[in-house]
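Structure first, then comments.
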Amino acid sequence: MLTLYANFKGGTGKSTIVFNMGVWLAARGHSVTICDLDPQRTVTDVAEIRDEMGFEPTLAVTHALPDRGKTTGQWLADVGLSDSGAMRAAIRAAGRIVVPVTPSQADIWATQHFLEIIAEERAEGDRPEVLGFVNRADPHPRSRENAETVAALTALAGIEALQPRLVQRLAFRRSFSEGLAPGELEPGGKAARELDALARAIHGPAR
């Protein structure tokens, strides 16, 4: 299945999430291919760093979408905002779409617009599962912005709001810059636990 990680707003952390999900799946024995369709090629760069450093498992990266319905293993796609054609093609090919949303009203508006684009590209009977979650959440446990974003996501039609969230943590940035997932840099840390909970909610329990 192809899982597309996308939104219509920049700065939501799509590339970091795609990389971390790829490592999470590969470490659990899944065959993983990442479609890096973002012109910035961020996932390609970090996968190359990982390969150069000799970290296992390595990640296979391609810059083209597979034929719809002809994928084996897990395929994850990252798209940039500058190429709407690639984004729409990825929507048409996806079996699942995951929408990271940072806690702000602007992100909710962008998510609404993105859901409209999904509806334009996929007929109602052919629409994929669409999941949304809060990324880069405020670390304060009683953050009003976090709660309001979850409530707004829950109220939107055409998307399922997930309870697991990723908090804005230094471990995500540090690990990514070194070609590692949070659990490899800080095993048992908060970032690793959050990523594991989110990955299980999206991709199912580990093998």
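Bear in mind these aren't lab numbers, they're just calculated from the coordinates by the rules spelled out. Given the structure is predicted, the values throughout are model-derived calculations rather than measurements. All Cβ positions, glycine included, derive from the backbone under ideal geometry; neighbour counts span all protein chains shown.
Taking 7 Å steps out from each Cα toward its Cβ at Ala201 and Gln112 produces label points 2.3 nm apart. In the elastic network of the chain, a GNM with C-alpha springs shorter than 10 Å, the most mobile of Leu59, Leu81, Leu153 is Leu81. Rounded to the nearest 500, the helix-only mean residue ellipticity at 222 nm of the chain stands at -13500 deg cm²/dmol, with each DSSP H run of n ≥ 4 adding -39,500 (n - 2.57).
Specify which residue in the list Ala123, Leu185, Val46 is farthest towards the positive end of the charge dipole of the stretch 2-201, using unit charges on the beta carbon of Lys, Arg (+1) and Asp, Glu (-1), about the Cα centre. Ranked along the dipole, the leading option is Leu185. Net charge near Leu115, counting Lys/Arg +1 and Asp/Glu -1 over other residues with Cβ under 14 Å of its Cβ? My count for the surroundings of Leu115 gives -3.
Only aspartates and glutamates eight or more places from Lys70 in sequence, or on another chain, were considered; those with a Cα closer than 17 Å are Asp126. For the chain, the alpha carbon convex hull comes to 110 Å³ per residue, rounded to a whole number. The distance separating the Cα centre of the stretch 94-130 from that of the stretch 61-92 comes to 15 Å. Please work out whether the stretch 1-70 counts as rounded, prolate or oblate from its C-alpha gyration tensor, where a ≥ b ≥ c are the square roots of the eigenvalues and a/c under 1.5 means rounded, while otherwise a/b larger than b/c means prolate and anything else oblate? Oblate, because a/c is 1.5 or more while a/b does not exceed b/c. When you filter the chymotrypsin sites (Phe, Trp or Tyr not before Pro) in the stretch 98-164 for DSSP loop state and at most 10 other Cβ atoms inside 10 Å of their Cβ, nothing is left. Compared with the direct C-alpha span, the chain from Thr72 to Glu178 gains 35.3 nm at full extension, assuming 0.36 nm per residue. Under 17 Å of direct C-alpha separation, and excluding same-chain neighbours fewer than eight residues apart, Lys190 reaches these aspartates and glutamates: Asp138.
Each Cα pair under 8 Å and six or more residues apart adds its separation to the average, and for the chain the resulting relative contact order is 24 percent. About its Cα centre, the dipole of the chain is roughly 440 debye, where the only charges are +1 on Lys and Arg Cβ and -1 on Asp and Glu Cβ. Sorted on the mean count of surrounding Cβ atoms within 10 Å across their residues, most packed first, peptides 172-179, 157-164, 18-25, 43-50 read 18-25, 43-50, 172-179, 157-164. Centre-to-centre separation between the Cα atoms of the stretch 142-177 and those of the stretch 24-55: 23 Å. Computed over neighbours whose Cβ is under 12 Å from that of Asp196, the net charge equals +3, Lys and Arg +1, Asp and Glu -1. Of the residues Phe176, Gly158, Gly10, the one whose Cα sits farthest toward the positive end of the charge dipole of the chain, with +1 on the Cβ of Lys and Arg and -1 on the Cβ of Asp and Glu, is Gly158. All other residues whose Cβ lies under 9 angstrom from that of Lys14 are scored, Lys and Arg at +1 and Asp and Glu at -1, for a net of -2.
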